[in-house]
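Below is one structure, written out as structure tokens, with a few remarks after it.
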Amino acid sequence: MISKRIDRLVEWTKWPAAVMVLCTCPLTLVAFSYLLVRFAEFPGYATMFTAGVALFVFLVRTPLARSPFARKLVELERDLTQSVLALAMLHPVVGFGASPDKGSRVRWLGRGNWLMLAAPYFFPMATVLFWLSSLLLFPSLRCLVLGFGIGYHLTAVAIQCRIGTSELRRLGRKFCWMFLPAMNLLVAGCVAAYALNGFTGIGDFMYDWCSVPRHLFDGVWGLSFPANSMES
């Protein structure tokens, strides 16, 4: 079956992906620092985005965040994310069942792979849905919604990692520590960059991310071969 071949190919990328994301985390931090400086260029959007994050932080401290309704929303988002990934990798979803170990309730044909297990813990499905629902709003209000959405995503991931789920146990503690924090930092940077300047903002953020090694190389090359020595 094609899905089995896809699973084998994806499984080969598990540890290379974890190592790459971890090793490039300093690049993400530098690009994030540039992004924070860029906040001054878009004060209105930056303020609304920050207000959206603050609004979620406020709501998470209320009894609503500990209600069965909130837990159900987290479960639904996780189920939706895994269902989308399962279908994209040609694993038909056959149903949803109870999960006694606080893991996924999605049932698909075939074994699956690490990306399907990890997707709910780094892909901000709720943020994407909030963004789609806010397309008819003013840009500043969309920034508020995006801030709220990324605040929800990061909090939900942190809570599920603290509680522990069957997916995280199958992925392994070492892999989770290597991959999830660094990947979620990159995701948060992309969402914030989009809130400031749309897809152009994401392009600028990724350009900063990719240009850090070039700047370091230019600096080392300049120290090793000063301009005067080259001219002489």
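The values are calculated or read from the model by the stated rules, or taken from the named source; none is laboratory data. Small disclaimer: the values here were computed from a predicted structure and weren't measured. Cβ atoms come from the backbone with ideal geometry, glycine included; neighbour counts cover every protein chain shown.
Taking first residues from region 91-116 that are at positive phi and partners that are among the basic types (Lys, Arg) and modelled with pLDDT of 80 or more, the Cβ contacts under 7 Å between residues at least 6 apart in sequence or on separate chains come to Gly95/Arg107; Gly110/Lys4.
For region 1-11, taking the residues that are assigned to a helix (DSSP H, G or I) and hydrophobic (A, V, I, L, M, F, W, C), the one that is surrounded by the fewest Cβ atoms within 10 Å (Cβ to Cβ) is identified as Ile2.
Just to verify a result, which residue in region 107-127, among those that are over 21 Å from Ala158 (Cα atoms) and buried (at least 18 other Cβ atoms within 10 Å of the Cβ), is modelled with the lowest pLDDT? Walk me through it before giving the result.
Step one: filter region 107-127 for residues over 21 Å from Ala158 (Cα atoms), giving 107-113.
Filter once more, so that each one left must be buried (at least 18 other Cβ atoms within 10 Å of the Cβ): 108, 112-113.
Details: Trp108: 84, Gly112: 87, Asn113: 91.
If we take residues in region 107-127 being over 21 Å from Ala158 (Cα atoms) and buried (at least 18 other Cβ atoms within 10 Å of the Cβ), then Trp108 is modelled with the lowest pLDDT.
Among residues of region 1-27 that are of a type in the set (D, E, K, R), those with a beta-carbon under 8 Å from a residue that is assigned to a helix (DSSP H, G or I) at least six positions away or on a different chain give the pairs Glu11/Trp114; Lys14/Trp114; Lys14/Phe175.
Could you pull out every one of the helices (runs of 4 or more DSSP H) wholly within region 69-187 that has 1 or more residues that are closer than 29 Å to Leu27 by Cα and among the charged types (D, E, K, R)?
Details: elements: 114-118, 125-133, 139-163, 166-171.
So the answer is 139-163, 166-171.
Among the residues of region 158-168, those that are in contact (Cβ under 8 Å) with a residue 24 or more places away in the chain and either in contact with a Lys or Arg (Cβ under 9 Å, 6 or more places away or on another chain) or surrounded by fewer than 19 Cβ atoms within 10 Å (Cβ to Cβ) (or both) comprise Ile159, Gln160, Cys161, Ile163, Gly164, Thr165, Ser166, Glu167. Looking for something surrounded by 15 or more Cβ atoms within 10 Å (Cβ to Cβ), of a type outside the set (Lys, Arg) and outside any helix (DSSP H, G or I) - is there at least one such residue anywhere in region 12-19? No, every residue in region 12-19 fails to be surrounded by 15 or more Cβ atoms within 10 Å (Cβ to Cβ), of a type outside the set (Lys, Arg) and outside any helix (DSSP H, G or I).
If the requirement is being among the hydroxyl-bearing types (Ser, Thr, Tyr), out of contact with any strand residue (DSSP E or B) (no Cβ under 8 Å at 6 or more places or on another chain) and farther than 26 Å from Trp209 by Cα, which of these qualifies: Ser33, Ser67? I'd like the intermediate steps shown before the answer.
On the way: Ser33 fails: farther than 26 Å from Trp209 by Cα.
Going through Ser33, Ser67 in turn, just one is among the hydroxyl-bearing types (Ser, Thr, Tyr), out of contact with any strand residue (DSSP E or B) (no Cβ under 8 Å at 6 or more places or on another chain) and farther than 26 Å from Trp209 by Cα: Ser67.
Just to be sure, is Tyr194 part of a helix (DSSP H, G or I), surrounded by 19 or more Cβ atoms within 10 Å (Cβ to Cβ) and hydroxyl-bearing (Ser, Thr, Tyr)? Against the criterion (part of a helix (DSSP H, G or I), surrounded by 19 or more Cβ atoms within 10 Å (Cβ to Cβ) and hydroxyl-bearing (Ser, Thr, Tyr)), Tyr194 qualifies. When region 1-45 is filtered for residues that are aromatic (Phe, Trp, Tyr), touching a helix residue (DSSP H, G or I) at 6+ places or on another chain (Cβ under 9 Å) and under 29 Å from Ala86 (Cβ atoms), only Trp15 remains. Screening Val212 against (1) within 16 Å of the chain's Cα centre (by Cα); (2) modelled with pLDDT under 85 leaves a single unmet condition, (1).
Among residues of region 189-214 that are touching a residue at least 12 places away in the same chain (Cβ under 8 Å), those with a Cβ under 7 angstrom from a residue that is surrounded by 21 or more Cβ atoms within 10 Å (Cβ to Cβ) and not in a helix (DSSP H, G or I), sequence gap 6+ or separate chain, pair up as Val191/Pro124. Considering only residues in region 152-169 that are of a type outside the set (A, V, I, L, M) and out of contact with any Phe, Trp or Tyr (no Cβ under 8 Å at 6 or more places or on another chain), the one that is farthest from Phe138 (Cα to Cα) turns out to be Arg169. For Asp204, the stated conditions hold: it is assigned to a helix (DSSP H, G or I), modelled with pLDDT of 90 or more and charged (D, E, K, R).
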